[in-house]
1. Work from the charge dipole of the range 29-97 (Cβ charges, +1 for Lys and Arg, -1 for Asp and Glu, about the Cα centre) and give the residue of THR40, SER57, PHE74 farthest towards its positive end.
2. What is the spread of the Cα atoms of the chain along each of their three principal axes, largest first, in whole Å?
3. What's the magnitude of the charge dipole for the chain around its Cα centre, counting Lys and Arg as +1 and Asp and Glu as -1 at the beta-carbon? Answer in Debye, nearest 20.
4. Around ASN64, under 14 Å between beta carbons, what's the net of Lys plus Arg minus Asp minus Glu among the other residues?
5. Less than 13 Å Cβ to Cβ from LYS93, Lys/Arg counted +1 and Asp/Glu -1: what total charge do the surrounding residues give?
6. For the chain, with every protein chain kept in place, what is the accessible area per residue (1.4 Å probe, Å²)?
7. All other residues with a Cβ under 15 Å from the Cβ of GLU32 taken together, and with Lys, Arg as +1 and Asp, Glu as -1, what is their net charge?
8. Kindly provide the helix-only [θ] at 222 nm of the chain, computed as the sum of -39,500 (n - 2.57) over DSSP H runs of four or more divided by all residues, to the nearest 500 deg cm²/dmol?
Amino acid sequence: MKNKNDVEISWQQKYFNAAIGFYELSMLDEAEAELNKIDTCIAAQSVAVLALRLRISYSRNDWNEMKAITRTLFLLDPSNPKWPFSDGYATAKIDSD
């Protein structure tokens, strides 16, 4: 029997899956809207959600947002070498503008 938290997690996963689908179709506004439906407490601590937000910010050339997200990702997952690289990339793009 599912409890209330299982149902909430299930909905959060559906929003995330929908966001991935929209992102893959290059529908960035719709992807972000689906991510915004995810509970902020969950989204702020989810590497997967933040990584998708990072991809959206990269697609939009929003280097400041990308930099902020990569720093959060590094704090959550410091062993992943992608996050410092992404931070450096965003920083270089900001400095070149």
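The values are calculated or read from the model by the stated rules, or taken from the named source; none is laboratory data. On a predicted model such as this, the values are computed, not experimentally measured, just so you know. Cβ: placed from backbone, ideal geometry, glycine included. Neighbour counts: every protein chain shown. These area figures cover heavy atoms from the full protein model, side chains too; ligands, DNA and RNA do not enter into them. Shrake-Rupley method; radii C 1.70, N 1.55, O 1.52, S 1.80 Å.
1. PHE74
2. Result for the chain: principal-axis Cα extents of 54, 30, 17 Å.
3. Numbers: 11 positive and 14 negative charges, 48 e Å.
Dipole of the chain, to the nearest 20 debye: 220 debye.
4. Details: positive: ARG53, ARG60, LYS67, ARG71, LYS93; negative: ASP62, GLU65, ASP87, ASP95, ASP97.
Once positives and negatives cancel, what remains is 0.
5. On the way: positive: ARG60, LYS67; negative: ASP62, GLU65, ASP87, ASP95, ASP97.
Net local charge, LYS93 excluded: -3.
6. Numbers: 6360 Å² over 97 residues.
Ligands and nucleic acids excluded, the result is 66 Å² per residue.
7. Result for the local shell: -2.
8. -25500 deg cm²/dmol
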